[in-house]
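Only one structure is covered here, and it is reproduced in the block below.
The values are calculated or read from the model by the stated rules, or taken from the named source; none is laboratory data. Computed from a prediction, not measured in an experiment: that's the story for all the values here. Don't worry about glycine lacking a Cβ; one is built from the backbone with ideal geometry, like all the others, and counts go over all protein chains shown.
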Amino acid sequence: MSDQERDAGAAPPLPHLKGSGEAHIVDVGAKADSRRVAEAEGWIAPSEAAYRALLTGDLQKGDALATARIAGLMATKRTGDLVPLCHPVALTHADVTLAPDDAEQRIVCRARTETVGPTGVEMEALTAVQVALLTVYDMAKGLDRSMEIGGIRLRHKSGGRSGAWDRG
């Protein structure tokens, strides 16, 4: 991309596309290892009855929040298998939390992933949040099939060439 195109606001080229438009996995072999961290979040909004059951663990399938936390952690390790052009990443740390938000009557999930390597861990954090929230839905759907999942987004990333980024 020329400086003129960049100044005109043209989008940068997508690294997952070859010049022909064909998708490929980006070669990160020449990139330096660096400590990389990503944090993501999202929420699930159940009915009042389902919300209470989730908080007390009083569901036919058991403690949904504990199960969802484990599901989110497992998902971080499988992201490269689930997202076609995503590199498999050797995580050095992962954490998933699910906490009640009484004001909004929803469960908020947050995930933090870390590695030392040539590529970031944003996809792992985002995948953890989505799988954890899907697990909550699966375990509570007998009480409420109208639950809404939303707000899934990256909150923070650091490391690599682009440095740190935080949601404003």
Give me the pairs: first residue in the range 80-108 and under 18 Å from ALA66 (Cα atoms), second residue in a helix (DSSP H, G or I) and hydroxyl-bearing (Ser, Thr, Tyr), beta-carbon distance under 9 Å, and six or more apart or on different chains, which are they?
ALA94/THR76; VAL96/THR76; PRO100/TYR51; ARG106/TYR51; ILE107/TYR51
Which of the residues spanning the range 115-142 are crowded, with 20+ Cβ neighbours inside 10 Å and among the charged types (D, E, K, R)?
GLU122, GLU124
In this structure, is ARG112 under 24 Å from ALA50 (Cβ atoms), surrounded by 20 or more Cβ atoms within 10 Å (Cβ to Cβ), of a type in the set (Lys, Arg) and under 15 Å from the mean Cα position of the chain (by Cα)?
no
Residues being within 14 Å of TYR51 (Cβ to Cβ), of a type outside the set (S, T, N, Q) and surrounded by fewer than 16 Cβ atoms within 10 Å (Cβ to Cβ): count how many of those fall in the range 143-168.
1
Could you list all residues from the range 22-47 that are in a loop (DSSP other than H, G, I, E, B), under 28 Å from ARG110 (Cα atoms) and among the charged types (D, E, K, R)?
ASP33
Given the options LEU91, LEU82, LEU65, name the one that is under 18 Å from the mean Cα position of the chain (by Cα) and either under 17 Å from GLY160 (Cβ atoms) or charged (D, E, K, R) (or both).
LEU91
Looking only at the range 121-168, count every residue that is more than 19 Å from THR92 (Cα to Cα), in a loop (DSSP other than H, G, I, E, B) and either of a type in the set (Lys, Arg) or in contact with a Lys or Arg (Cβ under 9 Å, 6 or more places away or on another chain) (or both) and tell me the total.
6
Any chance you could count how many residues in the range 77-107 are of a type in the set (Val, Ile, Thr), in a strand (DSSP E or B) and either on the phi > 0 side of the Ramachandran plot or crowded, with 18+ Cβ neighbours inside 10 Å (or both)?
2
Close pairs (6 angstrom Cβ cut-off, 6 or more residues apart or separate chains): within 12 Å of ASP138 (Cα to Cα) in the range 41-68, of a type in the set (Val, Ile, Thr) and surrounded by fewer than 19 Cβ atoms within 10 Å (Cβ to Cβ) anywhere
ILE44/ILE149
Farther than 19 Å from SER34 by Cα and touching a Cys at 6+ places or on another chain (Cβ under 8 Å): does that describe LEU133?
yes
When the range 36-68 is examined, which residues are found to be at pLDDT 95 or above, farther than 26 Å from ALA90 by Cα and small (Gly, Ala, Ser)?
ALA45, SER47, ALA49, ALA50, ALA53, ALA64
